[in-house]
Amino acid sequence: MRKLIYGMNLSLDGYIAAADGDLGWSEPSDELFQWWLAQEQAIELFLYGRRLWETMSYWQTGDQQPGATPAETEFARNWRDTPKVLFSSTTIDKVDRNTRVVTGDAIAEITRLRAEDGGPMRVGGATLAGAAMRAGLVDEYEIVTHPVLVGDGTPFFTTLDSWVKLDLVETRTFPGGVVLTRYARK
């Protein structure tokens, strides 16, 4: 059975994006970017909702941008090479060679993928991750909290039907007061 991980940068008040979609408050330090790169390299399959997939599609050519660092170049290569499943109820005109679009029941497909043999999967996008959380499919949470209050926006956590008990498995502090807390579902 594969492990399903949900992890993102979030504000201290629990948002992954400000109300206007602005992510500028979550600019990573070099150390944090390297940590995210290592995490992403360990993932064998990315599961995205449409909006996050569109945001992450920057990495399709991220290594070709002026001033791209070696870490950004490696991140872009990894993103392009890692298989992705895009869950969307809207028509998508173009996807990269490693992306498969699913328009049907996301929870049924995630359940099927999770039951397969293989390495870890990462779910991203608040709506998709929220559905996976409510279905009890998320095994681990990687919460990277930035010391900023954005006041409103897209929340990291969704409303749940019942409690989810977690074990703290890692904490780490990054430059600028950014704190990682990693939890596994009991």
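The values are calculated or read from the model by the stated rules, or taken from the named source; none is laboratory data. Note that the structure is a prediction, hence the values are computed from the model and not measured. FYI the Cβ positions are ideal-geometry reconstructions off the backbone, even for glycines, and counts take in every protein chain you see. The protein model used for the area step is the full one, side chains on, heavy atoms only, and it has no ligands, DNA or RNA in it. Shrake-Rupley method; radii C 1.70, N 1.55, O 1.52, S 1.80 Å.
Descriptive notes on the structure:
- Residue within region 57-66 that is assigned to a helix (DSSP H, G or I), open to solvent by 60 Å² or more (accessible area, probe 1.4 Å) and in contact with a strand residue (DSSP E or B) (Cβ under 9 Å, 6 or more places away or on another chain) present: no
- Beta carbons closer than 7 Å, at least 6 apart along the sequence or on distinct chains, pair a first residue in region 90-108 that is under 26 Å from V138 (Cα atoms) with a second that is open to solvent by 50 Å² or more (accessible area, probe 1.4 Å) and acidic (D, E) for N98/D81.
- Selection within region 1-44 - charged (D, E, K, R) and either under 19 Å from A126 (Cα atoms) or assigned to a loop (DSSP other than H, G, I, E, B) (or both): R2, K3, D13, D20, D22, E27, E40, E44
- Residue in region 5-21 that is without any contact (Cβ under 8 Å) to a residue 60 or more places away in the chain and either open to solvent by less than 20 Å² (accessible area, probe 1.4 Å) or closer than 15 Å to I143 by Cα (or both) present: no
- Residue list for region 77-91, restricted to those being more than 15 Å from A38 (Cβ to Cβ), part of a loop (DSSP other than H, G, I, E, B) and either in contact with a Phe, Trp or Tyr (Cβ under 9 Å, 6 or more places away or on another chain) or at pLDDT 90 or above (or both): P83, S88
- Check on E74, open to solvent by 30 Å² or more (accessible area, probe 1.4 Å) and either among the basic types (K, R) or not in a loop (DSSP other than H, G, I, E, B) (or both): yes
- Spans of strands (runs of 3 or more DSSP E) in region 92-186 with at least 1 residues small (G, A, S) and either open to solvent by 40 Å² or more (accessible area, probe 1.4 Å) or more than 14 Å from G49 (Cα to Cα) (or both): 153-155, 178-185
- Residues being out of contact with any Phe, Trp or Tyr (no Cβ under 9 Å at 6 or more places or on another chain) and over 23 Å from E31 (Cβ atoms) - total across region 165-186: 2
- For L45, the stated conditions do not hold, so it cannot be described as at pLDDT below 95, on the phi < 0 side of the Ramachandran plot, in contact with a strand residue (DSSP E or B) (Cβ under 8 Å, 6 or more places away or on another chain) and surrounded by 17 or more Cβ atoms within 10 Å (Cβ to Cβ).
- In the condition set (1) more than 19 Å from F157 (Cα to Cα); (2) open to solvent by 70 Å² or more (accessible area, probe 1.4 Å), V85 is compliant with all but (2).
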